[in-house]
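Here is the structure we will look at, set down as structure tokens.
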């Protein structure tokens, strides 16, 4: 089973991926919901980091360090950096940001390794691209050669936005010239659901929703 399929299976088992009827922030009624915040214990975070690490290795992206945007990116970048070192023999420096600059002690907004070189951003999802825009601004706003080269997320809904024909991921790729890697995408969720007859009752609504909103 490929990495994305294993991840989808894991996310469903953890209750992170659910089928049903969910009202999204956009106002759309979705037949499924992905909530990465439910990876909330040591074991699930460790397993999640293994999926991220494998996706990074498989992507072939060239980078020098990892960065996790506050707040959700902080535990993710920490866990992923440990897994890359432990499981893949690749030890990278990592950093994350504070929401507000510290005015005492060491000061500043960045915690961890100094931002330098090609920076790979680790986050949970891209909804509107706001967090990634802020992260790239932070990375470029340092007195060094640091630049963001890509983003790795857990799940890509592949949905068109409210006001344009691109998905949030495509918008980030176009506007910021970044490579976005997702551990899994919604089309792979459909493939998994089709191969597992436990989810047959949800497939018609899922296909109808994607016919309307998928890129």
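The values are calculated or read from the model by the stated rules, or taken from the named source; none is laboratory data. A quick note: this is a predicted structure, and the numbers were derived from the prediction, not measured. Methodologically, a virtual Cβ is constructed for each residue, glycine included, from the backbone with ideal geometry; neighbour enumeration extends over all protein chains shown.
State whether one or more residues within the range 127-147 are out of contact with any strand residue (DSSP E or B) (no Cβ under 6 Å at 6 or more places or on another chain), touching a residue at least 12 places away in the same chain (Cβ under 8 Å), more than 23 Å from residue 176 (Cβ to Cβ) and part of a helix (DSSP H, G or I). No, because not a single residue in the range 127-147 is out of contact with any strand residue (DSSP E or B) (no Cβ under 6 Å at 6 or more places or on another chain), touching a residue at least 12 places away in the same chain (Cβ under 8 Å), more than 23 Å from residue 176 (Cβ to Cβ) and part of a helix (DSSP H, G or I). Can you work out which of the residues in the range 153-162 that are out of contact with any helix residue (DSSP H, G or I) (no Cβ under 6 Å at 6 or more places or on another chain) and modelled with pLDDT of 95 or more is nearest to residue 172 (Cα to Cα)? Only one residue fits best here, namely 153.
The numbered conditions (1) within 30 Å of residue 110 (Cα to Cα); (2) more than 17 Å from the chain's Cα centre (by Cα) are all true for residue 27 except (1). Those residues that are touching a strand residue (DSSP E or B) at 6+ places or on another chain (Cβ under 8 Å) and assigned to a loop (DSSP other than H, G, I, E, B), I need them from the range 36-72; list them, please. Listed by number, the residues that qualify are 61, 62, 63, 64, 69, 70, 71. The residues listed here are 113, 95, 85; of these, the one that is farther than 30 Å from residue 27 by Cβ, touching a strand residue (DSSP E or B) at 6+ places or on another chain (Cβ under 9 Å) and free of Cβ contacts under 8 Å to residues at least 40 places away in the same chain is 95.
This table checks each residue for (1) in contact with a helix residue (DSSP H, G or I) (Cβ under 7 Å, 6 or more places away or on another chain); (2) buried (at least 19 other Cβ atoms within 10 Å of the Cβ); (3) under 20 Å from residue 5 (Cβ atoms).
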{"site": "172", "(1), (2), (3)": "yes, yes, no"}
{"site": "175", "(1), (2), (3)": "no, no, no"}
{"site": "186", "(1), (2), (3)": "yes, yes, yes"}
{"site": "189", "(1), (2), (3)": "yes, yes, yes"}
{"site": "192", "(1), (2), (3)": "yes, yes, yes"}
{"site": "195", "(1), (2), (3)": "no, no, yes"}
{"site": "200", "(1), (2), (3)": "no, no, yes"}
{"site": "205", "(1), (2), (3)": "no, no, no"}
{"site": "212", "(1), (2), (3)": "no, no, no"}
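Being without any contact (Cβ under 8 Å) to a residue 24 or more places away in the chain, within 14 Å of the chain's Cα centre (by Cα), surrounded by 14 or more Cβ atoms within 10 Å (Cβ to Cβ) and within 26 Å of residue 146 (Cα to Cα) holds for only one residue in 56, 74, and it is 74.
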